[in-house]
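Working notes, beginning with the structure itself.
The values are calculated or read from the model by the stated rules, or taken from the named source; none is laboratory data. Keep in mind that this is a model prediction, so the values were computed, not measured. Note that each Cβ is placed from the backbone with ideal geometry, even for glycine, and that neighbours are counted across all protein chains shown. The area values use the complete protein model at the heavy-atom level, side chains included, leaving out ligands, DNA and RNA. Shrake-Rupley method; radii C 1.70, N 1.55, O 1.52, S 1.80 Å.
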There are 2 protein chains.
Amino acid sequence: MKLGEGVEWAAHCAIIVAGLAGRSTIPGKALAEYHGVSETYLLKHLKALVTAGILESVPGPRGGYRLARDAAEITLLDIVEAIDGKQPVFRCTEIRQRGPTAVEACAYRGPCGINRAMLSAEAAWRLALAEHTLASLAAGVAISADPRVISRTGEWLARNERKSAS
Amino acid sequence: MKLGEGVEWAAHCAIIVAGLAGRSTIPGKALAEYHGVSETYLLKHLKALVTAGILESVPGPRGGYRLARDAAEITLLDIVEAIDGKQPVFRCTEIRQRGPTAVEACAYRGPCGINRAMLSAEAAWRLALAEHTLASLAAGVAISADPRVISRTGEWLARNERKSAS
DNA sequence: ATAATCATGGATGATTTATATCCATGATTC
DNA sequence: GAATCATGGATATAAATCATCCATGATTAT
């Protein structure tokens, strides 16, 4: 079982976007360069964040991406679900209804016990993810990062951030 | 992100094996038939359970599988890890060390904040899985299953169970 | 002993998913 | 009107997963 790289990319991008001033934006191309990843593919993931209502996109020469809502209202779970989908990790194939001991399908009322256990564990996972907001993650990065990285990021932001007109 | 079918197969098999009397065994072929799945592939997963110390296998004409330890001492987490491995679900590729703002690798001390959050959520998932034992799962199946299924399973067991010599 | 049964392990192919790219389109700003 | 940027679809490539087959070795019944 594995979580795709897209989630990592999206989360890091979201933290950068959360660091923008006001309603400024940052282009997808800059985000790809900053993280050293494929631009075209990253754009796909950013689009998923837009569809999920996490980011909003501004087209045009001074366009880019910005947060669609406050950083404290965006959780890690939101990002994971936007990229990876909301499907359950464990998919019960109703194996109990197969083989020689099976009876009519209507006899199997409640969900399979194994499925129940798996789903409850998954709920615990999602709950833990939802406890981390973009705001808390960004704060964590800020206090633990190397000063040189922070300074370089500041310069890079100054070059690439698109100040809001308003 | 998806958990393979092997986990489902292994879990259901483990519950059947947990229902055997004493040190009796059940052949892999019978388990495959019971669940209506590929025998050769199921054998691979059963092997993984043996390697993990969950089942033990008895070769020979009257051989098969039985639990390697008490059902109350085997958790759903054990089974998931035996089949799916113990690798973390989220694998940090240290994306922060790439791109134009990167500095020397030694400057990145602690783990990335996103990685920390992901790992903590994963720990919650594993903890929840570990709360379900084979004994509790088997009990849950027993009380919620259709009476006809239970009776058929009993007959099936009588035909396929290999009583222990001792 | 011999044959039957069963687990083991490796090699292999098929299927699916994830990753990545390209190109055409439409919207916005200079 | 031209440049810039996001969008969306089509498509290729790589990797992980699923599944099967076959050869081997161990054990037990006859």
Go through the range A:34-43 and give me each residue that's within 12 Å of DNA strand C (Cβ to nearest atom) and either among the polar types (S, T, N, Q) or open to solvent by 10 Å² or more (accessible area, probe 1.4 Å) (or both).
-> A:Gly36, A:Val37, A:Ser38, A:Glu39, A:Thr40, A:Tyr41, A:Leu43
Within the bounds of the range B:134-145, is there any residue that is without any contact (Cβ under 8 Å) to a residue 24 or more places away in the chain, within 16 Å of DNA strand C (Cβ to nearest atom) and open to solvent by 60 Å² or more (accessible area, probe 1.4 Å)?
-> no
When residues of the range A:1-33 are filtered for being away from DNA strand C (no atom under 15 Å from the Cβ), in a helix (DSSP H, G or I) and within 13 Å of another protein chain (Cβ to nearest Cβ), how many remain?
-> 5
Subset of the range A:107-133 [at pLDDT 95 or above, open to solvent by 20 Å² or more (accessible area, probe 1.4 Å), closer than 20 Å to B:Leu134 by Cβ and facing chain B (nearest Cβ under 7 Å)] = A:Ser120, A:Ala124
Considering (1) farther than 30 Å from B:Ala14 by Cβ; (2) open to solvent by 40 Å² or more (accessible area, probe 1.4 Å); (3) not polar (S, T, N, Q), say which one A:Arg98 fails and leave the rest.
-> (1)
Is there any pair with a first residue in the range B:86-112 that is closer than 13 Å to A:His35 by Cα and a second that is assigned to a helix (DSSP H, G or I) and among the aromatic types (Phe, Trp, Tyr) whose Cβ atoms are under 8 Å apart and which are 6 or more apart or on different chains, and what are they?
-> B:Ile95/A:Trp9; B:Gly99/A:Tyr34; B:Pro100/A:Tyr34; B:Pro100/A:Trp156; B:Thr101/A:Tyr34; B:Thr101/A:Trp156
For the range B:77-88, does any single residue satisfy the condition of being open to solvent by 20 Å² or more (accessible area, probe 1.4 Å) and more than 16 Å from DNA strand D (Cβ to nearest atom)?
-> yes
Take the range A:133-166 and flag every residue that is of a type in the set (D, E, K, R), out of contact with any strand residue (DSSP E or B) (no Cβ under 7 Å at 6 or more places or on another chain) and outside any helix (DSSP H, G or I).
-> A:Asp146, A:Lys163
Taking B:Thr51 as the residue in question, decide whether it is open to solvent by 20 Å² or more (accessible area, probe 1.4 Å) and free of Cβ contacts under 8 Å to residues at least 24 places away in the same chain.
-> no
Within the range A:33-50, which residues are in contact with a Gly (Cβ under 9 Å, 6 or more places away or on another chain) and either over 15 Å from A:Val7 (Cβ atoms) or hydrophobic (A, V, I, L, M, F, W, C) (or both)?
-> A:Glu33, A:Tyr34, A:Gly36, A:Val37, A:Glu39, A:Leu42, A:Leu43, A:Leu46, A:Ala48
